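Reading through the structure tokens given below for one structure.
The values are calculated or read from the model by the stated rules, or taken from the named source; none is laboratory data. What you see is a predicted model, and the numbers here were worked out from it, not measured in a lab. No Cβ is skipped: glycine too gets one built from the backbone with ideal geometry, and neighbour counts run over all protein chains shown. When the accessible area is computed, the model is the full protein with side chains, heavy atoms only, and any ligands, DNA or RNA have been set aside. Shrake-Rupley method; radii C 1.70, N 1.55, O 1.52, S 1.80 Å.
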Amino acid sequence: MIRRPPRSTPLYSSAASDVYKRQLDEVSRSQADFAVVVLETMRDGIAFATIQALAALDLKLVGEREVAHSLMLVSRTGNPSDVERVYANSLHHAQSEAHLALHFPKATVLHVRSALMAADLAIEHHGAAAVVPRGNATPPDLRVLSENVSDEGEVRIRYGIVSKMPMSRTGQDATAVLFSVHDRPGALHDVLQAFKEKNCNLRRIQSRAVPGEGWEYVFYVEVSGHVTDRPVVAALEGVKQRARMLKVLGSFPLDVAEQTPPSSED
């Protein structure tokens, strides 16, 4: 029986992480031009597994999209009593696990690569249902069983668009950076000071312990501006001199443009 996950269970599961790593690998080997991966969720923060895979493959973030995400359950018959199996990708399963356990306790949940594949399989099998994002075009052969099966209602997810080639400057950009610091007092302060000295706004900063490295931490930062902007270039040069490791993950146009604060001279 599937049981409700604890509140600490991440929306971005390890199985989903494996799927995104495969997609990134396909881009790295030029089998695909782009990959769309979960970059951040409102509940769990930055998906560090994606970030570290991105850095290891020398790929670039070139875009972002924030989506209000909810899920629905569909089947060919539209009859809940017919459901013997449920197809879902691993991320959607993690987000709807409690609902499925409560309302379909005898159904077997089978992981597939995508919501589109889940829908196709639900069409093929009389006793099958699929978890798909609400708002997607539902195939005419499928009927809605439940309008919202997300355990926590609507979830906001930020997706990253990844490519081998960098994105050019648009004027409304952010730059993603990964760095680690030396083990000494004030090391993190010194690195962050490099951004302040060049008046660079930090939109996000999160840290995560590096697996297998004891208590060593890596920091993920998003700074307003493109990697070719002079203040960002100068700030990153200062970070490079002070940090133990620095990796620029890419610059990308913002999905929602930032509001520029008024100048003190106005």
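Within region 184-203, residues that are surrounded by 18 or more Cβ atoms within 10 Å (Cβ to Cβ) have Cβ atoms under 7 Å from residues that are assigned to a strand (DSSP E or B) in these pairs: Val191/Phe179; Phe195/Leu202; Phe195/Val223; Cys200/Val223; Cys200/Ser224, counting only partners at least 6 apart in sequence or on another chain.
Considering only residues that are of a type outside the set (Phe, Trp, Tyr) and either in contact (Cβ under 8 Å) with a residue 24 or more places away in the chain or closer than 14 Å to Asn89 by Cα (or both), which ones fall in region 103-114?
Residues of region 103-114 that are of a type outside the set (Phe, Trp, Tyr), as a first pass: 103, 105-114.
Within region 103-114, His103, Pro105, Ala107, Thr108, Val109, Leu110, His111, Val112, Arg113, Ser114 qualify.
Out of His126, His103, which single residue is closer than 10 Å to Leu73 by Cβ and either surrounded by fewer than 16 Cβ atoms within 10 Å (Cβ to Cβ) or polar (S, T, N, Q) (or both)? Spell out the reasoning first.
Numbers: His126 fails: closer than 10 Å to Leu73 by Cβ.
Matching residue, one of His126, His103: His103.
Here's the yes/no breakdown for (1) part of a strand (DSSP E or B); (2) among the aliphatic types (A, V, I, L, M):
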site	(1), (2)
Ala94	no, yes
Leu102	no, yes
Pro105	no, no
Leu110	yes, yes
Leu116	no, yes
Leu121	no, yes
His126	no, no
Ala130	yes, yes
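Quick one: in region 129-167, of everything that is open to solvent by 60 Å² or more (accessible area, probe 1.4 Å), touching a helix residue (DSSP H, G or I) at 6+ places or on another chain (Cβ under 8 Å) and at pLDDT 85 or above, which residue is nearest to Ala115 (Cα to Cα)?
First pass over region 129-167, keeping only residues open to solvent by 60 Å² or more (accessible area, probe 1.4 Å): 134-137, 140-141, 143-144, 147-148, 152, 154, 156, 164-167.
Now restrict to residues that are touching a helix residue (DSSP H, G or I) at 6+ places or on another chain (Cβ under 8 Å): 136, 141, 152, 164.
Going one step further and asking which of them are at pLDDT 85 or above, we end up with 141, 164.
On the way: Asp141: 15, Lys164: 26 Å.
Top of the filtered list is Asp141.
Against the test of being more than 18 Å from Phe252 (Cα to Cα) and without any contact (Cβ under 8 Å) to a residue 60 or more places away in the chain, the options His69, His99 yield a single qualifying residue, His99.
Just to be sure I understand, how many residues within region 49-89 are of a type in the set (A, V, I, L, M, F, W, C) and open to solvent by 40 Å² or more (accessible area, probe 1.4 Å)?
First, the residues of region 49-89 that are of a type in the set (A, V, I, L, M, F, W, C): 49, 51, 53-57, 59, 61-62, 67-68, 71-74, 83, 86, 88.
Then drop every residue that is not open to solvent by 40 Å² or more (accessible area, probe 1.4 Å), which leaves 56-57, 67-68.
Looking only at that region, the number is 4.
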